[in-house]
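Remarks on the structure that follows.
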Amino acid sequence: MKIIGLTGGTGSGKGFVSDMLRKRHAYVMDTDLTAHEIIKKGKPAYDELVEYFGRDILGDDGEIVRRRLGDIVFSERGEKLAFLNSCTHKYIREEIMRTIEEISPQTDKYTAIVLDAPMLAEAGLTDICDVIWVVYADSEVRVKRIMERDYITEEQARERIASQKSWEEYKALGAVVIDNSSDDENVEEQLDALM
């Protein structure tokens, strides 16, 4: 079964494209959700993260509070961010490989496996994909979407876009581009042609 890596910057409409692919019987793995699961108590990355960052990242229930962890990592960056990524990416990859092995034989049920991953290249997932699709949207469209979605100012939306990879970096993945700058029908036509 074909494995599609789906990526794109914030506000590009990657979630919308994922929903459209589900309607076309693709099995979509949201790697953000996988990342949330692997840090839960009793899961693979939990002990490593608590040992490295300390118990201050835990809530009253003993679970990792992602906001506390994020505050530490993004305020100091460098070594702590590198540790977080190296710890979680290996477990995300393991979970993805396990799921691919489970889903691949189900060709009567699914048309493809889609890895919905904002950090596809950073997580080392490009090598397991048969093709990479990048969702593109004009920066002004992205700003508007982010403002509406997250209830933030235009300045904050632009800062979020600026903190991510540039469009040139996405294009360098040698990917198929899905233009999500206009209307839903246009995206659906592109997906139908690609599928």
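The values are calculated or read from the model by the stated rules, or taken from the named source; none is laboratory data. The shown structure was predicted, so the numbers you read here are calculated from the model rather than taken from an experiment. Note that each Cβ is placed from the backbone with ideal geometry, even for glycine, and that neighbours are counted across all protein chains shown. Areas reflect the complete protein model, heavy atoms only, side chains present, ligands, DNA and RNA absent. Shrake-Rupley method; radii C 1.70, N 1.55, O 1.52, S 1.80 Å.
Structure summary
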| read-out | value |
| --- | --- |
| Test for E169: is it within 26 Å of A82 (Cα to Cα) and of a type in the set (D, E, K, R) | yes |
| Condition met for E159 (under 30 Å from F53 (Cα atoms), touching a residue at least 60 places away in the same chain (Cβ under 8 Å) and either surrounded by 17 or more Cβ atoms within 10 Å (Cβ to Cβ) or not polar (S, T, N, Q) (or both)) | no |
| Hey, V28 closer than 23 Å to N186 by Cα, of a type in the set (V, I, T) and surrounded by 12 or more Cβ atoms within 10 Å (Cβ to Cβ) or not | yes |
| All positions within the range 38-89 that are modelled with pLDDT of 95 or more and within 30 Å of M20 (Cβ to Cβ) | I38, I39, K40 |
| First in the range 124-143 and without any contact (Cβ under 8 Å) to a residue 40 or more places away in the chain, second anywhere and assigned to a helix (DSSP H, G or I) and surrounded by 15 or more Cβ atoms within 10 Å (Cβ to Cβ), Cβ under 7 Å, 6 or more apart | G124/H89; G124/R93; S139/I161 |
| Residue match in the range 136-149 (condition: open to solvent by 30 Å² or more (accessible area, probe 1.4 Å) and either farther than 20 Å from N180 by Cβ or part of a strand (DSSP E or B) (or both)) | yes |
| Filter result for E185 (more than 23 Å from T126 (Cα to Cα) and either touching a helix residue (DSSP H, G or I) at 6+ places or on another chain (Cβ under 9 Å) or without any contact (Cβ under 8 Å) to a residue 40 or more places away in the chain (or both)) | yes |
| Filtered residue count, the range 60-110, keeping only those that are over 29 Å from C129 (Cβ atoms), of a type in the set (D, E) and either surrounded by 12 or more Cβ atoms within 10 Å (Cβ to Cβ) or touching a Cys at 6+ places or on another chain (Cβ under 8 Å) (or both) | 2 |
| Which numbered condition E189 fails, given (1) touching a Leu at 6+ places or on another chain (Cβ under 9 Å); (2) open to solvent by 80 Å² or more (accessible area, probe 1.4 Å) | (1) |
| Selection within the range 1-53 - in a strand (DSSP E or B) and not hydrophobic (A, V, I, L, M, F, W, C) | G5, T7, Y27, D30 |
| Inter-residue pairs, beta-carbon under 7 Å, first outside any helix (DSSP H, G or I) and in the range 63-78, second of a type in the set (S, T, Y), 6+ apart | I64/Y46 |
| Candidates T99, T111 - the one that is closer than 30 Å to E169 by Cβ, at pLDDT 95 or above and assigned to a loop (DSSP other than H, G, I, E, B) | T111 |
